[in-house]
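So the structure is just underneath, and the comments pick up after that.
Here, each number is a calculation from the coordinates, and none is a lab measurement. This structure is a prediction, so every number in the text was calculated from the model and none was measured. All Cβ positions, glycine included, derive from the backbone under ideal geometry; neighbour counts span all protein chains shown.
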Amino acid sequence: MAQADQAPAQANAGFTKRVFSGIQPSGGLTLGNYLGAIKRFVEMQEDDCDTIYCMVDLHAITTWQEPDQLIRNTREVAAGFIASGIDPAKSILFNQSQVPEHAQLGWIFTCVARMGWMNRMTQFKDKAGKNRENVSVGLFSYPTLMAADILLYHATHVPVGEDQKQHLELTRDIAAKFNNDFKTDFFPITEPVIEGAATRVMSLRDGSKKMSKSDPSDASRINMTDDADTIARKFRKAKTDADALPSEVDGLEDRPEARNLVNIYAALADMPVQSVLDEIGGRQFSEFKPMLSDLAVAKMAPIAGEMDRLMQDPGEIDRILGIGARAAREIASPILAKTYDIVGMLRSA
Ligand code: TYM
């Protein structure tokens, strides 16, 4: 952590890919966040990409957050990033509310996006459910702020889990409409990066539901802060069917729980799913579950330990995020200024 005194390397705009992604500090991190997002973030950092990662606290408040808890969660997500291998000397790491340009560009995009587009967002429908009249306006307009997060840095690549795909399509639509309306090519058309065996990690209690920090059952998820015993217990109790594991990927069809556990194993082991099945095909879950839990403990428990260590020194986390926010603003502020010029906002000389 000590090396984070200097501005991160991405002021080096020499890289061809600029990567942006974000995570909501609306609760603890799960294995889904790790495998679907953070693990890819680390790989892209090491892959000579220009990488910018954000705790999106402005997004988090679209649903109620206790103020003290929001601060703690923001630090904890930052600790999760760093413990997983995000190096603040290589990547910009910051929280969204420290860079006001996100909200400013978000408003412009709220005026670009069409109601019809927003009405089609399935995540809003899922989250609002029957409570539609009573959720915040922010929850509805959320994806326009997400488009702003990305385009404020002219990011070209956005690593995310499967559930964010529709939001990234909207980001492309917003960029294209802005460019078309103002006869410019100012905003790039961003590529989603949804790759690997675990782009949709499912609940351990119900293979048809996404693993989520908001699931009331703690047994449904592995938290990144879980210790070795807890990880082992949750996998031992994970729902499965009664059959042996198949030897071919096709054999996982219609077996959501089995597919989920095999995908988790493949992602943790950095192996193709078929290679995992070559090893475990024909075995019972009673044999496979301990293998999976040993692997998960070996990969995740050291990260949990490091998060715990980092959380002992919140001042250091805040310092790192302050440096990240300054570096982020250096990129964001000229892009916002140019956007204002394009839109026709008068600026005093
Ligand atoms: P959030 O905070 O819900 O999740 C953060 C990242 O983790 C991925 N993820 C999963 N991947 C696989 N399996 C799962 N069970 C699982 N659960 C979560 C998500 O796909 C995501 O990549 N709207 C975003 C945050 C955001 C953002 C952005 C992302 C705001 N602005 C700009 C990218 C770029 C969200 O709510 O993610």
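Exposure proxy ranking for Met307, Met115, based on other Cβ atoms within 10 angstrom of each Cβ and starting from the fewest, stands as Met115, Met307.
With viscosity set to 1.002 mPa s at 20 °C, what whole-number translational diffusion coefficient in µm²/s follows for the stretch 218-307 from Stokes-Einstein and a Kirkwood radius over Cα pairs? D = 161 µm²/s. What is the distance in Å between the Cα centroid of the stretch 33-89 and that of the stretch 272-286? Comparing the Cα centres of the stretch 33-89 and the stretch 272-286, I get a distance of 32 Å. Determine, at each q value in 0.20, 0.25, 0.26 (inverse angstroms), the log₁₀ of I(q)/I(0) that the Debye formula gives when each Cα of the stretch 273-342 is one equal point scatterer. Evaluating at q = 0.20, 0.25, 0.26 Å⁻¹ gives log10 I(q)/I(0) of -0.89, -1.07, -1.09. Looking at the square roots a ≥ b ≥ c of the eigenvalues of the Cα gyration tensor of the stretch 62-109, which shape do they give, rounded for a/c under 1.5, prolate if a/b is larger than b/c, or oblate? Oblate. Using the Cβ-Cβ distance between Glu162 and Arg347 with R0 = 30 Å, the FRET efficiency computed as 1/(1 + (r/R0)^6) comes to roughly 0.15.
Computed per residue of the chain from DSSP H runs no shorter than four, each worth -39500 (n - 2.57), the mean residue ellipticity at 222 nm is -16000 deg cm²/dmol. The order of Tyr53, Tyr340, Tyr142, going from fewest to most other C-beta atoms within 10 Å of their C-beta, is Tyr340, Tyr142, Tyr53. How fast does the chain diffuse by Stokes-Einstein, in µm²/s, taking the Kirkwood radius from C-alpha pairs at 4 °C and 1.567 mPa s? D, rounded to a whole number, is 61 µm²/s.
In the elastic network of the chain, a GNM with C-alpha springs shorter than 10 Å, the most mobile of Ser141, Ser203, Ser247 is Ser247.
Semi-axes of the equivalent ellipsoid of the stretch 151-290 are 37, 17, 13 Å, computed as sqrt(5λ) over the eigenvalues of the C-alpha gyration tensor in descending order.
Extension gain for Ala219-Glu191 works out to 6.6 nm (0.36 nm per residue, less the C-alpha to C-alpha distance).
For the chain, give the share of DSSP beta bridges that are antiparallel, in percent and rounded to the nearest 5; count only bridges with both residues there. Counting DSSP beta bridges with both partners in the chain, the antiparallel share is about 10 percent. Based on Cα contacts under 8 Å between residues 6+ apart, the chain shows a relative contact order of 24 percent. Ellipsoid semi-axes for the stretch 101-221, based on the Cα gyration tensor and the rule √(5λ), read 29, 18, 11 Å when sorted largest first.
Ranked for footprinting exposure by Cβ neighbours inside 10 Å, fewest first, Arg319, Arg40, Arg221, Arg309 give Arg309, Arg319, Arg40, Arg221. Net charge in the neighbourhood of Pro246 (other residues with Cβ under 10 Å of its Cβ; Lys, Arg +1, Asp, Glu -1) is -2. Spin-label model, Lys209/Arg319: points 7 Å from Cα along the beta carbon direction are separated by 4.3 nm. Highest mean packing comes first when the peptides 289-295, 262-268 are listed by Cβ atoms within 10 Å, giving 262-268, 289-295.
Could you please state, rounded to a whole Å, how far the C-alpha centre of the stretch 287-349 is from the C-alpha centre of the stretch 144-189? Going from one Cα centre to the other spans 20 Å.
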